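Notes to accompany the following structure.
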Amino acid sequence: MASETLAAAVIGKVTVTPAEFRLVAFDAHELAALVAELAEQFGVANPIHLIVDEATPLAKLSAELDATSSDAPLTIRAESGALENMKQLTTFGRERAAESLGRMLLRARDRMRDDFADAPPDLELTLAQNAAWDAYCAGRLARRGHRVVQQRWRYNYRNRFGFTDRADEAFERLWAADDLGFAEMVAAP
Amino acid sequence: MRQFFPVEDLARDERFVQTNMAERMADTRVPGGGSQTSSKKASSRSSTNRLTPDRHDASDRARGLMHGIMVGEIQALEGAGRTAHDFDAGDGSGDTIPFALKLDMARQAWDEARHVEISAKLSAWMGTEIGEFQENTVLFEAACSNDPVLRLAGVNRALEGLAIDVFTQMKEFGDLAGDPYLEFCEDWMLADEVTHVKMGSDWLRKVTENDPERRSRALEFQQVVDKLFSFGGARGDTAESSFQLARRFRELAGFTDDEVDTIAELDEQALAERKAAVRAMNAASAAN
Amino acid sequence: MGDAPAPERTTARAPFAPWDRRDLPGMFDVAETARRVGNYKWAEMKLFEALGGWIATVPELDVKMRLGTHCYHHAWHAELWHKRLPELREMKPERLTQPANEAMVRFMDAMTEPEAPELTIEKLVGAYRVLIPRFIAAYTYHRNNTSEITDAPTIRSLTFILQDEIDDWRDGEMMLQSLISTEHDVERAAAHQARLEAIMVEAGGIAGPGTIGPTTVMNGGSPTTDSTTEGDA
Ligand SMILES: [Fe+2]
Ligand SMILES: [Fe+2]
């Protein structure tokens, strides 16, 4: 991606690439400040590099942690759709970005736990594993005061685990949980 | 109340944010454009733009599409209501439309009102808030023509034809995902839309029976709208298309094979033009 | 099953069963019925056009959808009246698709005047607090006074239509009650209603003076009306 070669915006331990956006009206410094704020809220002390792919309006996200220590570099990759204001496309959406990046930071924090040692890298997770992890993260985000629509994540979970009472019960457990290991989190309903 | 109502004045509550085709076209990002984050294989279904449950973003895309359907239904409701209002009952010449066509438009208004109800319920079921996504008002624009025959061509045949394609895809998605409501609702809405398109096909033929020039103007307008509604080739017969042309339902709605082929060609043209525009835009920005 | 002979049975019965109390006389002849039906059709048409036109102008989503639903109800009523006219010897239904008088035209113009998005109360007041109650009154009078035997087709339509009118009136009134929340709103609604009601009084109702029959008693005798179009009983 050509834009990755551009200079980055840096705030504290957070670096955002690209420093300047051409296809979307994002401000790299605003993004970096948001990541720093979220990292503090969720107790993620690692150096963080956020790489935004502004060439696509899609919204895929992934987080990659070099090691499980708190000084290991964390790389978050986000397609621009994950950070934009859906009511005003191509402009920055703070609420949506906070929710997207918050999920990635919580994932990174989870990965630092011993019982997540077996978790495959983000891009190798199955669709079902992703849905379970998203539900687990979204519930925690909601409890930390972020604006999260629970039904959106319930619907996402149902799409992967079935439209059944069992799946709904499993979702409720994930949503309410704060202290799960990977195996427990992705267990089938 | 004015005889004709401009798209800029469509009344909405504060949750809605509107946009138009020009603004949407100015967004030059393309799905999959240069992404390194996705590990999709070129051969997988998710490497196309089509909405299928095996996409990583399936539920979010379905939510966005459902919201688009909901605002489209609102505009279809408004358009049908306006056509029932804007033209006096008469013999179909000038500013008049046959009384029976006015009745059909009122009937369509009721159907579209139900479609708004259905899509609002489905949106809530899918975890989408009203106004969560921006509203493209291009659909109502096609309902603004001062010639009622052009409205029939642009709205009932082009726009509602697109609805048939979109609903067919949504129905398939609901079925594959096992969603108990989605497939059921889309099936019902499809039945109504086929009726509306047929209504458009029948009235267009009838009203222009003795006016071949007016008919060809209407069909020309339909092609323009069809191409516009192709959303830069998002709909078409190719693997790159987000929506397949629902040939069987279109046949039920009064389209001939030739007409469907023409739409497929227009879709392809629109896709080629959009790709060229994006290439030009990228080249220009690389040169800067 | 004994030996007793079966009682003699006859199939001869009265044309009207004991519980069938329908009667022959009615207030309206064919011509008067056609005239009224033509007025109804004209007014239903104006109403469904107005509701259809207003859909795009109201920001309240529930009101928008309700207007679309009701638009069809009134179109269906207009269709029923349109189909009734040739059965009443009017082979060109358009000829009788007329307003009762010039005041009715002014009423419709005044009712359909509000367009701005902040005028939902005025739009609903015109349709649901003035015009639809007038429909309910006109149809009720017609149903209760026309011949129950000769004019059964009109009665059948009136019965279906009245059900719609009453349901729609209730919907409209509830929407209004949910929208009127301040003293200022109350004043707006009342002022607009008074303005429209005055024109409607001038018009004498949907079918003109005598729409709901004679209302005053003169010379100590039977009620009279100033309508000159009342048909023979
Ligand atoms: Fe529809
Ligand atoms: Fe439709």
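Taking region B:67-117 as the range and being more than 9 Å from chain C (Cβ to nearest Cβ), surrounded by fewer than 19 Cβ atoms within 10 Å (Cβ to Cβ) and within 15 Å of ligand 1 (Cβ to nearest atom) as the test, only B:Gly68 passes. When B:Arg45, B:Arg12, B:Arg50 are checked against the criterion of being within 25 Å of B:Phe167 (Cα to Cα), of a type in the set (D, E, K, R) and at pLDDT 90 or above, a single residue qualifies: B:Arg12. Give the residue that is farthest from B:Gln75 (Cα to Cα), with candidates limited to residues of region C:52-73 that are touching a residue at least 40 places away in the same chain (Cβ under 8 Å) and within 18 Å of the chain's Cα centre (by Cα). Residue satisfying both the conditions and the ranking: C:His73. Entry remark, region B:118-156: residues being more than 14 Å from chain A (Cβ to nearest Cβ) and part of a helix (DSSP H, G or I) number 15 in total.
Yes or no: region B:119-136 includes at least one residue that is under 19 Å from B:Phe229 (Cα atoms) and more than 16 Å from ligand 1 (Cβ to nearest atom). Checking region B:119-136: at least one residue is under 19 Å from B:Phe229 (Cα atoms) and more than 16 Å from ligand 1 (Cβ to nearest atom). A single member of B:Phe99, B:Phe133, B:Phe87 is at pLDDT 95 or above, under 30 Å from A:Gln150 (Cβ atoms) and more than 11 Å from ligand 2 (Cβ to nearest atom), and it is B:Phe133. Just a yes or no: is a residue in region B:215-234 more than 26 Å from B:Glu141 (Cβ to Cβ), within 14 Å of another protein chain (Cβ to nearest Cβ) and away from ligand 2 (no atom under 16 Å from the Cβ)? No: zero hits. Taking the stated definitions as given, is A:Ala117 touching a residue at least 24 places away in the same chain (Cβ under 8 Å), under 18 Å from A:Thr68 (Cβ atoms), within 18 Å of the chain's Cα centre (by Cα) and away from chain B (no Cβ under 14 Å)? The answer is no for A:Ala117.
Within region C:79-120, the set of residues being within 14 Å of chain B (Cβ to nearest Cβ), under 30 Å from C:Glu183 (Cα atoms) and in a helix (DSSP H, G or I) comprises C:Met108, C:Asp109, C:Ala110, C:Met111, C:Pro117, C:Glu118, C:Leu119, C:Thr120. Within region B:131-143, residues that are among the acidic types (Asp, Glu) reach partners that are assigned to a helix (DSSP H, G or I) and buried (at least 21 other Cβ atoms within 10 Å of the Cβ) with beta carbons closer than 7 Å, at six or more positions or on different chains, in the pairs B:Glu132/B:His67; B:Glu135/B:Val71.
All of A:Ala72, A:Ala67, A:Ala33 fail the test of being away from chain B (no Cβ under 12 Å), free of Cβ contacts under 8 Å to residues at least 12 places away in the same chain and of a type in the set (A, V, I, L, M, F, W, C), apart from A:Ala67.
When region B:118-130 is limited to residues that are of a type outside the set (Gly, Ala, Ser) and surrounded by fewer than 24 Cβ atoms within 10 Å (Cβ to Cβ), the one that is farthest from ligand 2 (Cβ to nearest atom) turns out to be B:Glu129. Here A:Gly81 meets each of (1) part of a strand (DSSP E or B); (2) out of contact with any strand residue (DSSP E or B) (no Cβ under 8 Å at 6 or more places or on another chain) with one exception, condition (1).
The values are calculated or read from the model by the stated rules, or taken from the named source; none is laboratory data. Computed from a predicted model, the values in this text were never measured in an experiment. A quick note on method: Cβ atoms are made from the backbone with ideal geometry, for glycine too, and the neighbour counts reach across all protein chains shown.
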